[in-house]
Amino acid sequence: MNRTDTFIQEVSDVLQNNILDFWIKKMTDPSGGFYGQITGAGEVVADAPKGAVLNARILWTFSAAYRFLHKTEYLETASKAKDYIMLHFIDHRYGGVYWSLDASGKALDTKKQFYALSFTIYGLSEYYKATGDEESLKFAINLYKTIEKESLETVYGGYIEATTRDWHELVDMRLSDKDANERKTMNTHLHILEAYSNLYSVWKDPGLKDAVIRLLDIFAEHIFDRYSGHLGLFFNDRWDSKDSGVSYGHDIEASWLLMEAAFAVGDIDVLNRIRPIALKIGTAALEGLQPDGSMIYEKHSDGSTDKDRHWWVQAETVVGSLWLWKYHSLVSGADYALKCWKYIQDNLIDYTDGEWYWSCHNDGSKNISDDKAGLWKCPYHNTRMCLQVLEIFSSIPSEGNPWK
């Protein structure tokens, strides 16, 4: 078996037996939906809050896995996630989705974080791809229209972060405690773009196409730093940057998501405008690569670095590196991907209890203080990495593979 076939087999095994199996067997809540948390030590927290982002990402994960692998248990899990979101997370009075529920499924934090609406679009549109379920498409479209109505900032362009339940100004708009309290962020724009692109793949609405192109223009004109190649993180309404730090994981993730969005709209002029920007973002991200193949987390505005190796950053490094190889002819990109995959195998995958650890510290020790599953620890990044590997190599003739 050549190295390419081995890589594909390893990734397929981890996807099915380590990631997806964990979420089906250990995260399914017999009282409905999915548990809100499993600690880094592997303990189920049955009374933990249930997050919109986690549930939307579960929906996307199992819908995408079913589309690619056609296993009944993946469809059943996707349907369970879709039904729970529709019943509990959708705000049927004011629209949008709640940020979180309590363990029984009652609304807990009712703010409207547009990041969460975006991931719900992403999950529902993927479920429609997998099943043809018209209800999921209808609600995905409704959420897109809600974002356009309640989040779009029409003076300077772009989208604000959050509002109250009934769409009024929110004092604290932060997505998480580590974020700056600014009205516009790279992270939310990236995932609105991702959601809109996925929706456009099944709903060819001209207004949605324009919104995707508008988002790509925002990245090109405001979020991308043409001098450093990195992405800005936090901005005010006028797009003045409020933080000069670097998120290596978001850089490498954006480098391929921008290209994916440009491919989705099918406009060669858009693609030609985005391609060099995506390449520069991707190569700038490689500044975070370490000799062992891993990618460090971030560089702060004071020049200090967080050298933990987060699970999601490694997953995005594999995908982004493969896209640099496939779509930008960066020959070394394939080797970067393979080396990072080896790091993941050796350091992040929990072969005993399933799933991946949150991170490894710079000294090589595993981080078991942070969740194995929770509001932010989801199956989306690592599942998507695996599916991207399988998809990329299924579409490449054997003579085009980087390793023989």
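The values are calculated or read from the model by the stated rules, or taken from the named source; none is laboratory data. Remember, predicted model here, so these are calculated numbers, not experimental data. FYI the Cβ positions are ideal-geometry reconstructions off the backbone, even for glycines, and counts take in every protein chain you see. These accessible areas exclude ligands, DNA and RNA; they are computed on the full protein's heavy atoms, side chains included. Shrake-Rupley method; radii C 1.70, N 1.55, O 1.52, S 1.80 Å.
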*Can you tell me which residue within the stretch 70-116, out of those that are part of a loop (DSSP other than H, G, I, E, B) and closer than 17 Å to TYR35 by Cα, is most open to solvent (accessible area, probe 1.4 Å)?*
LYS106
*Would you be able to say whether some residue in the stretch 132-147 is open to solvent by 40 Å² or more (accessible area, probe 1.4 Å), in a loop (DSSP other than H, G, I, E, B) and within 10 Å of GLY96 (Cα to Cα)?*
no
*Pairs only if they're at least six apart or on different chains, beta carbon under 6 angstrom, first in the stretch 155-174 and over 11 Å from GLN113 (Cβ atoms), second buried (at least 18 other Cβ atoms within 10 Å of the Cβ) and among the polar types (S, T, N, Q); list them, first residue then second.*
TYR159/SER151
*Provide a single number: the residues in the stretch 263-293 that are open to solvent by less than 20 Å² (accessible area, probe 1.4 Å) and touching a residue at least 60 places away in the same chain (Cβ under 8 Å).*
1
*Is there a residue in the stretch 162-173 that is under 23 Å from TRP60 (Cβ atoms) and at pLDDT 95 or above?*
yes
*asked:* I'd like to know if the stretch 305-321 contains one or more residues that are over 21 Å from the mean Cα position of the chain (by Cα), assigned to a strand (DSSP E or B) and either more than 15 Å from ARG384 (Cβ to Cβ) or free of Cβ contacts under 8 Å to residues at least 40 places away in the same chain (or both).
replied: yes
*Here is a list of conditions, (1) surrounded by fewer than 20 Cβ atoms within 10 Å (Cβ to Cβ); (2) closer than 30 Å to ASP109 by Cα; (3) in contact (Cβ under 8 Å) with a residue 24 or more places away in the chain, and ILE223 meets all of them except one; can you say which number that is?*
(1)
*Within the set of pairs 6 or more residues apart or between chains, which connect a residue that is within 11 Å of LYS307 (Cβ to Cβ) inside the stretch 357-379 to a residue that is acidic (Asp, Glu) and part of a loop (DSSP other than H, G, I, E, B) with Cβ atoms less than 6 Å apart?*
SER359/ASP308; HIS361/ASP308
